[in-house]
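Please treat every number below as a calculation from the coordinates, not as lab data. Worth saying up front: this structure is predicted, and the values here are computed from it rather than measured. When we count neighbours, we look across all protein chains shown, and the Cβ atoms used for this are built from the backbone with ideal geometry, even at glycine.
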Amino acid sequence: MNRTKTRSITIQTTIIIALIAIFTFFGYNYIRNITSRNIGIGFGFMHETAGFSISQTLISYTESDTFGRTFVIGLLNTLVASIIGIVLATLLGFLIGLMRLSKNKLIHNVAVVYVEVLRNIPPLLHVLFWYQVVFLNVLPPFKESFKLGNWLYINVRGITIPSFIPQTSATTFRILFFVSIVAIFYIGYVKKKMVLRGVHKKLWPLQLAILLALVLFAAIAKPFQIVLPEITKFKFSSGTTIRPELFSVVVALGTYTSTYISEAVRSSIIAVPKGQLEAAKSLGFNRYRRLQLIIIPQAMRTMIPPVTNQYLNLIKNTSLGMAVAYPDLTSVFAGTTLNQTGRALEVMSLVMLTYLSISLVTSLLMNWYNRSIINKKGEMLAKEEVPLD
């Protein structure tokens, strides 16, 4: 055994021993400290009564529910903010990216200012601005609520809309709704395949028929009872209120993330060979058809990876909602639940594992979508190859 290999083994062994010693030291001190404070170890606290209220929930919750249910509520609120924020950021990102490529100087300069200003402000300040400046100071007070009939109320406490109380046919309606959505998207997929094969046939009447059948079932079966908001002296006695904290997080992170997505869109479109654009022009395609059929499909291959990274950043940035008391996973579980139970290791480990899982699932879905685009492009190129005699 030469000296280089001996030195390498010695260094690696020393590092491993040092790491074991460090983890042993911290582990011993952690166990000693929580034992002296009479704090247990494990996840048994998840079955204990929470004893605190949560301002906004997607599922039923009372103070007598368990810490396990608070975890689920925080997770659902995080997913809601993430999904809505991703949709908003994607739409704005595409729009601003196309505006930056516009030959109209006004449109181009507006997009440049939008990107350069918003992306150079920390996302936390975005959240605080939308909450403190816009929603708390621009919207009218509760007693002066802006209302649209008896269906919609807007005030500093949020937006109040009718409640939908499930009836006996609600489960059947949910199943039919899911099946209808899948069928409509599948028909759209079939239509796209037919167009690629040169077959042009109208399938939208079938999609419309499915949608009308679903609406007809809802009108006859009445799966939900609509309860209109009823305002009292200090609050709404009925209806569903969407609080301004959610809007602050979604709008702030959506606009902030859209600046980076717009740059990914712009650079990906620029990367498409100019010959493709010239060919589309020679075929008589207008600007919309050129983008839809030629430019965007080719740009998607280089666009998806950086956009995926921005999606992951947005999901993790939803934890900033804690600054405006939005009851997401970080606020409800890593904040209030941790303070109530004192189980720092268990709570933080579960929260970090949850964010890791959400990020990995998002990454897997986007990578699958990216591979499908690349494979589709490869199949199209293979079909265009001319065999040699």
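Within straight cross-link reach of K193, meaning Cα distance under 18 Å, which lysines are found once same-chain residues fewer than 8 apart are removed?
Correct list for K193: K201, K202, K376, K377, K383.
Ratio of the range 52-93's C-alpha Rg to 2.2 N^0.38 Å, to two decimals?
1.45
Tell me which of V265, A221, L19 sits at the most positive position along the dipole axis of the chain, charges placed on C-beta atoms (Lys, Arg +1; Asp, Glu -1).
V265
Ignoring solvent entirely, what values of log10 I(q)/I(0) come out of the Debye formula for the range 31-166 at 0.11, 0.12 Å⁻¹ when each Cα is a single scatterer?
Ignoring solvent entirely, the Cα scatterers give -0.74, -0.84.
Of all the Cα-Cα pairs you can form in the range 191-333, what percent are over 21 Å apart?
So the pairs more than 21 Å apart make up 71 percent of the total in the range 191-333.
Using the scaling law 2.2 N^0.38 Å as the reference, what is the normalised Cα Rg of the range 1-77?
This ratio for the range 1-77 stands at 2.00.
Relative contact order, percent, of the chain when contacts are C-alpha pairs under 8 Å separated by at least 6 residues?
23 percent
Under the rule that an exposed site lies in a DSSP loop and has at most 10 other Cβ atoms within 10 Å, name the longest stretch of the chain with no GluC sites (Glu not before Pro) of that kind, not counting the sites themselves.
64-384
So for the chain, taking the charge dipole from beta-carbon charges (+1 Lys/Arg, -1 Asp/Glu), which of L75, S36, G275 sits furthest toward the positive end?
Farthest towards the positive end: G275.
I'd like to verify something in the chain: which complete DSSP H helices, judged by Cα projection on the helix axis, reach 24 Å or more and average at least 1.6 on the Kyte-Doolittle scale?
Answer set is 67-100, 204-221.
Give me the percent relative contact order of the range 1-111, please, defined on Cα pairs under 8 angstrom at least 6 residues apart.
13 percent
Mind checking the dipole of the range 121-236: about its Cα centre, +1 per Lys or Arg Cβ, -1 per Asp or Glu Cβ, Debye to the nearest 20?
Rounded to the nearest 20 debye, it is 480 debye.
Can you compute the charge dipole magnitude of the chain about its Cα centre, using +1 on each Lys and Arg Cβ and -1 on each Asp and Glu Cβ, nothing else charged? Give it in debye, rounded to the nearest 20.
1160 debye
What residues of the range 298-316 lie in the reach of a label at L125, counting those whose backbone N is under 20 Å from a point 7 Å from the Cα along Cα→Cβ?
314
How large is the helix-only mean residue ellipticity at 222 nm for the chain, computed as the sum of -39500 (n - 2.57) over DSSP H runs with n ≥ 4, divided by its residue count, in deg cm²/dmol to the nearest 500?
Estimated from H runs of four or more residues: -21000 deg cm²/dmol.
Run the quick spin-label model on Y189 and L212: label points 7 Å from Cα toward the beta carbon, then report their separation in nm to one decimal.
Label-label distance for Y189 and L212, simple model: 2.6 nm.
With the calculation restricted to Cα positions, what are the radius of gyration and Dmax of the chain in angstrom?
Final numbers for Rg and Dmax: 27.0, 87 Å.
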